[in-house]
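Single-structure report; data block below.
Read-outs throughout are calculated quantities, based only on the coordinates presented, and are distinct from any laboratory measurement. From a predicted model like this one, the values you see are computed outputs, not experimental measurements. Counting neighbours? That spans all protein chains shown, and the Cβs are built from the backbone with ideal geometry, glycine included.
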Amino acid sequence: MSDIRIRIDNKTFALPNAADQRHHAIAELELVVHPHQFVCLVGPSGCGKTTLLNMIAGLDRHYDGRIDMGTAGKNPSIGYVFQNPRLLPWLSVRQNIEVVFQQAPPAALIDSLLDSMQLLDAQHQYPERLSLGMQRRVAIIRAFAIDPDILLMDEPFVSLDAPTARQVRSLLYSLWLKRPHTVLFVTHDLREAIALADRLIFLSPSPMRVISDIEVPIARDRRHDEAFTESFRQQLLQNHPEIGGLL
């Protein structure tokens, strides 16, 4: 893959119960994502982050603009982790992962991913028996299992309590370091973004556009140091006052 180049000139959609009115979701948004980068999209709730991911995934094609996926005309493989884990309740953990494969599922790979996410002992359980944190880990494995060119993650840790979110975030980060993919990760949690990202893209309220594009200079082995990342967060807010109102 080469760079992913995104230019959205205009994206609107009809408002519920008001067919003659349209919501202006995105305008004049430009973004370049480099191969194997972990990019966090940070912005207020409702600004259009999920809409942008759906457009990148090809689930929404009704917009003015262009998205060049950097795959020389070939359709890239895309893994998508939604806000809701979307597990099939009649399938076990392992079967929910195997279902994404068109041919025989790679047993060794699935075993390795289950082990990385500490789910080997739960592989034959059904979703209703799992905590929300465990369900989210299954959803992450399912997206990673196909070895996607691009991994889209839409607030995958939302509604988790802080200790569980830290645990799952750490497991995700360890998995990504072993198998780097180009990641676009949506969040409105700046601490979470700093802990994960190579770059932070700050997005405005709708119509959404890029406000700031900031590199995260923290070494990978320092990301677990909450005091260190908090110091960077404070420095970031001081040096870029324009982003304070977006959080």
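Considered as an equivalent ellipsoid built on the Cα gyration tensor, the stretch 1-127 has semi-axes of 33, 20, 14 Å, the largest given first.
The stretch between VAL100 and SER2 holds 32.7 nm of extra length on full extension. This uses 0.36 nm per residue minus the Cα-Cα distance. Relative to one another, the C-alpha centroids of the stretch 102-153 and the stretch 171-230 are positioned 22 Å apart. Highest GNM mean-square fluctuation among ASP225, ASP213, ASP68, for the chain modelled with Cα contacts below 10 Å: ASP225. Taking Lys and Arg as +1 and Asp and Glu as -1, the other residues whose beta-carbon sits under 11 Å from that of GLU226 total +3. Each of the peptides 137-145, 239-247, 31-39, 172-180 was scored by the mean count of other Cβ atoms within 10 Å over its residues; in descending order, highest first, they stand as 137-145, 31-39, 172-180, 239-247. When all alpha carbon pairs of the chain are counted in 5 Å bins from zero, the resulting P(r) reads 1, 6, 13, 17, 18, 16, 13, 9, 5, 1, 0 %. Cβ-Cβ distance of GLN118 and ARG22, R₀ of 30 Å, FRET efficiency by 1/(1 + (r/R0)^6): the value works out to about 0.05. Does a label point 7 Å from the Cα of ASN84, set along Cα-to-beta-carbon, have any residues of the stretch 29-69 with amide nitrogen under 17 Å, and which are they? Output list for this probe position: 50-51, 54. Summarising the label geometry, the points placed 7 Å from Cα in the beta-carbon direction at ASP60 and ALA107 lie 4.2 nm from one another.
Ignoring lysines fewer than eight residues from LYS11 along the same chain, the ones with Cα atoms less than 20 angstrom from its Cα are LYS49.
Only residues of the stretch 22-50 count here: report those whose backbone N is under 20 Å from the spot 7 Å along Cα→Cβ of ALA14, or say none. Counting only backbone N, you get 22-26.
DSSP finds beta bridges in the chain, and of those with both partners inside it, around 50 percent are antiparallel.
The convex hull drawn around the Cα atoms of the stretch 124-241, when projected onto a plane and averaged over every direction, covers 8.8 nm².
Within the listed set ILE194, ILE110, ILE214, the residue fluctuating most in the Gaussian network model of the chain (springs between alpha-carbon atoms under 10 angstrom) is ILE214.
If I require 15 Å or longer along the helix axis, counting alpha carbons, and a Kyte-Doolittle average no lower than -0.5, what helices from the chain are left? Use full DSSP H segments. Qualifying helices: 132-145, 162-178. Bridging of LYS74 to lysines at a Cα separation below 24 Å is possible for none of them, once same-chain residues fewer than 8 apart are set aside.
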